[in-house]
Amino acid sequence: MSTRFQRTADKSLNQKHAKILKTCLDRLENKYCADCKKKDPRWASWNLGIFVCITCSGTHRSMGTHISRVKSVDLDTWTPEQVENMVLWGNTKANLYWEANLENKRPPESNMDSWIRRKYEMKNWVKSREIPDPRTLGEQNSGDSVGLLI
């Protein structure tokens, strides 16, 4: 059984994380699913640092946690490390890495499951086999809300 102090601290931390995630989702780059580009994603693959729609989240879940770790932005509890990874990455930086060698940046309207698997499981279009530090990708500064974590 947890103490009243622990429950209050947990609630406070969860509220803080929810606020940070909302700030991330308010950024233009994260207003659309990182994979199918549908509006208003409410799910995230926290280890990949991307926001996805409910349909794409199902594909991510089916790939296994060794590839993608999915959480609801609204319903799940987040750890500081998970939130920090979302702040550091975001959809634009993640796609700079995962879609670096993809000629047509628009995913196919059909067979998204296969396309997502080729993107993350088979790493068909990655920049390099080594996942980079997100701070080294692109000009955009996705780390502006990192200070909120501390």
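A compact table of results
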| read-out | value |
| --- | --- |
| Unit charges on C-beta of K, R, D, E only; dipole of the chain, Debye | 280 debye |
| Proximal aspartates and glutamates to K37, defined as alpha-carbon separation beneath 20 angstrom and excluding residues fewer than eight positions away on the same chain | D26, E29, D74, E99, E103, E109, D113, E121 |
| Cut-off 13 Å (backbone N to label point 7 Å along Cα→Cβ of R42), residues of the range 76-102 | 76 |
| Accessible surface of the range 11-130, 1.4 Å probe, proportion on carbon and sulfur as whole % | 50 percent |
| Which of P108, V52, V73, positive extreme of dipole for the chain (C-beta unit charges) | V73 |
| Solvent-accessible heavy-atom area per residue, rounded to whole Å², over the range 11-130 at 1.4 Å | 52 Å² |
| Nearby aspartates and glutamates by direct alpha-carbon distance to K105 (threshold 12 angstrom, same-chain neighbours under 8 apart not counted) | D35 |
| Relative contact order (%) - criterion: Cα under 8 Å, at least six apart; region: the chain | 23 percent |
| Calculated SAXS-style log₁₀ I(q)/I(0) at q = 0.15, 0.20, 0.21 Å⁻¹ - the range 11-130, Debye, Cα scatterers | -0.61, -1.09, -1.20 |
| Accessible heavy-atom area order of W46, W115, highest first, probe of 1.4 Å | W46, W115 |
| Vicinal HN-Hα couplings computed from phi for the range 52-66 (Karplus, 6.51 cos²θ - 1.76 cosθ + 1.60; Hz; Gly/Pro x) | 9, 7, 5, 5, 5, 4, x, 5, 4, 4, 6, 6, x, 6, 6 |
| Whole-angstrom gap from the range 78-121 to the range 34-48, using each part's C-alpha centre | 8 Å |
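The values are calculated or read from the model by the stated rules, or taken from the named source; none is laboratory data. Nothing here was measured: the structure is a model prediction, and the numbers come from that model. Positions of Cβ are generated from backbone atoms using ideal geometry, with glycine treated the same way; all protein chains shown enter the neighbour counts. Just the protein is used for accessible areas: all its heavy atoms, side chains included, with ligands, DNA and RNA removed. Shrake-Rupley method; radii C 1.70, N 1.55, O 1.52, S 1.80 Å.
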